[in-house]
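Step one of this worksheet: look at the structure below.
The values are calculated or read from the model by the stated rules, or taken from the named source; none is laboratory data. Please read these numbers as outputs of a predicted model, since none were measured by experiment. Cβ: placed from backbone, ideal geometry, glycine included. Neighbour counts: every protein chain shown. Surface areas here come from the heavy atoms of the whole protein model, side chains and all, with no ligands, DNA or RNA. Shrake-Rupley method; radii C 1.70, N 1.55, O 1.52, S 1.80 Å.
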Amino acid sequence: MSHHHHAQQHIIMHAICIRTNLSHTGPGAAKHILARDRARAQKLLAGLHPHGPLSLSKKHGRTQPGGGTQEPLPADPPAPGSNTIDVTDAGVTYTMQVGVGTPPTEYTLLIDTGSSNTWVGAGKKYVHTSSSKKTGDSVSVTYGSGSFKGFEFTDTVTLGKNLIIQNQSIGVATTSTGFNDVDGILGIGPVDLTEGTLSSGKPIPTVTDNLASQGTIPENSIGILYEPTTGTDIANGELTFGGIDTAKITGEISFVPITQTSPANNFWGIDQTITYVYICAYVHHTLSDTEHGILSPDRYGTGTKILSKTAGIVDTGTTLLLLATDAFKAYEKATGGVLDQATGLLTITQTQFNNLKSLFFEIGNVTYELTANAQIWPRAQNEVLGGDPNKIYLVTADLGNIGDSGLDFIDGFVFLQRFYSVYDTTNAQVGLATTQFTNATTN
């Protein structure tokens with residue numbers, strides 16, 4: 001299973017640059033980001049707005065055996081869009097430049113794995129060209145906060161040099177609310193999320209569906225690499241449609257199937273164990289395996305189990321590493337971190353940081369090392385959080401639920417900055433690999 005991507009070696013992968021933006025910066029930002037992450041987590045825990053690769057098969061009557069319990073939905077009807085989990089409630093967002101038309105006009109679009117309509121016109125107006133065709137359908141989508149209404153067109157969409165889609169359905173907004181500094185959304189969630197958005201009721205093939213069906217990419221999957229922050233800019237990254245940019249990984253990519261446990265299996269759910277481990281320094285220099293982030297904690301050191309094997313999700317829209325309350329308390333105790341009232345995050349002293357151990361994430365049969373440096377917010381970025389420039393902030397926070405809820409962790413942006421991650425819809429699996437940034441000391 002983990003080697004299926006070698007079959008199409010002749011396809012040239014083009015990584016596309018993406019820009020990262022935090023939902024809040026400056027005074028009070030950390031509290032806002034934490035509140036946003038937790039609110040998003042509560043929606044995920046309630047199993048709202050399924051958008052993982054298994055959510056489609058469940059919708060069509062095939063059930064997955066589930067651990068965990070599905071929380072009942074609130075009795076009051078939710079406010080418009082409040083039951084969605086999309087880019088508008090993300091603590092961290094990503095944008096890319098997308099060309100529409102012939103010749104293409106460039107638009108800045110938010111990349112959203114939690115919605116599937118692609119549309120323009122929130123900022124820069126749609127430019128009609130020879131490839132623009134109005135279909136006669138109207139389109140409207142309501143998001144967690146924000147919405148747009150307009151008309152459906154088909155047009156040529158250019159994502160990158162060799163990633164050109166003919167006759168892609170796009171929404172052209174006549175009105176939109178809640179989208180500042182961007183021109184619209186590139187929706188890369190599953191196609192069933194488009195149902196009910198067109199006046200005709202037809203589903204709309206997504207950009208990834210069309211790239212796959214037009215033979216431009218071998219399968220519907222997305223690879224993401226982030227470059228951790230080095231200065232005052234937040235980390236930027238690259239998105240690869242249809243595969244893995246092998247130039248960006250060190251060692252093999254390992255895949256795991258989407259977890260069977262509900263509600264994590266509605267999203268990009270995986271099973272993992274987390275151990276906080278002391279590793280002898282000399283082991284680091286003699287074991288070539290360390291270079292690949294693969295170590296067995298049992299063999300090379302003494303460990304404190306932070307999280308026993310359980311289900312959770314990988315989520316690009318969550319900023320922090322969130323752990324169920326009991327696991328968070330174990331981490332707090334292991335690190336000696338103290339809750340900081342101003343930010344809501346754990347802080348540690350310089351001495352505690354010097355003694356901070358790695359966290360080992362066992363996912364499938366591979367163990368990934370999240371180093372001490374990877375566990376802290378980039379110190380050059382403390383003021384972006386509204387924090388104290390002289391403090392050290394840990395990026396692990398309390399998910400706000402007791403374990404065994406069927407979604408006991410969220411491996412968010414701070415975790416994903418250190419690994420290459422693959423979201424493979426075709427094969428319903430998540431892939432991870434180490435990168436040149438896995439052991440970076442830039443934080």
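Thr426 to Lys133: extension gain in nm, 0.36 nm per residue of separation minus the Cα-Cα distance?
Between Thr426 and Lys133, full extension yields 102.5 nm more.
Looking at the range 147-253, which trypsin sites (Lys or Arg not before Pro) are DSSP coil and have at most 10 other C-beta atoms within 10 Å of their C-beta?
For trypsin sites (Lys or Arg not before Pro) across the range 147-253 that sit outside H, G, I, E and B with at most 10 neighbouring Cβ atoms in 10 Å, the list reads Lys161.
Given points 7 Å out from each Cα along the Cα-Cβ axis, report the Glu383 to Asn236 separation in nanometres with one decimal.
Roughly 2.2 nm, to one decimal.
Compute the Rg to Rh ratio over the range 175-214 from the alpha carbon atoms, using the Kirkwood formula for Rh, and round to two decimal places.
1.03
Give me the net charge for the shell around Ala372: Cβ to Cβ below 14 angstrom, other residues only, Lys and Arg +1, Asp and Glu -1.
Here the count lands on +2.
If you average the C-alpha positions of the range 174-247 and of the range 127-159 separately, how far apart do those two centres end up, in angstrom?
15 Å
According to the square roots a ≥ b ≥ c of the eigenvalues of the Cα gyration tensor, what is the shape class of the range 291-443, taking rounded for a/c under 1.5, prolate for a/b larger than b/c otherwise, and oblate for the remainder?
Rounded is the answer for the range 291-443, as its axis ratio a/c remains below 1.5.
Given the convex hull over the Cα atoms of the range 85-244, what projected area results after averaging over all orientations, in nm²?
Dividing the Cα hull surface by four gives the mean projection, 9.4 nm².
Find the accessible area per residue for the range 85-244; the probe is 1.4 Å, ligands and nucleic acids are left out, and the unit is Å².
That works out to 35 Å² per residue.
Over all Cα pairs of the range 97-173, how is the pair count split among 5 Å bins, expressed in % and running from 0 up to the last occupied bin?
3, 16, 28, 28, 17, 7, 1
Which of Lys31/Lys333; Lys43/Lys333; Lys333/Lys391; Lys31/Lys329 have a Cα-Cα distance over 24 Å?
Lys43/Lys333, as the Cα separations exceed 24 Å there.
Accessible area of the range 85-244 with a 1.4 Å probe: how many percent of it is carbon plus sulfur?
Answer for the range 85-244: carbon and sulfur cover 51 percent of the accessible area.
Restricting attention to the alpha-carbon atoms of the range 341-421, what are Rg (one decimal) and Dmax (integer), both in Å?
Both quantities, over Cα of the range 341-421: 13.9, 40 Å.
Multiplying the sequence separation of Asp404 and Thr177 by 0.36 nm and subtracting their Cα-Cα distance, what value in nm do you get?
77.9 nm
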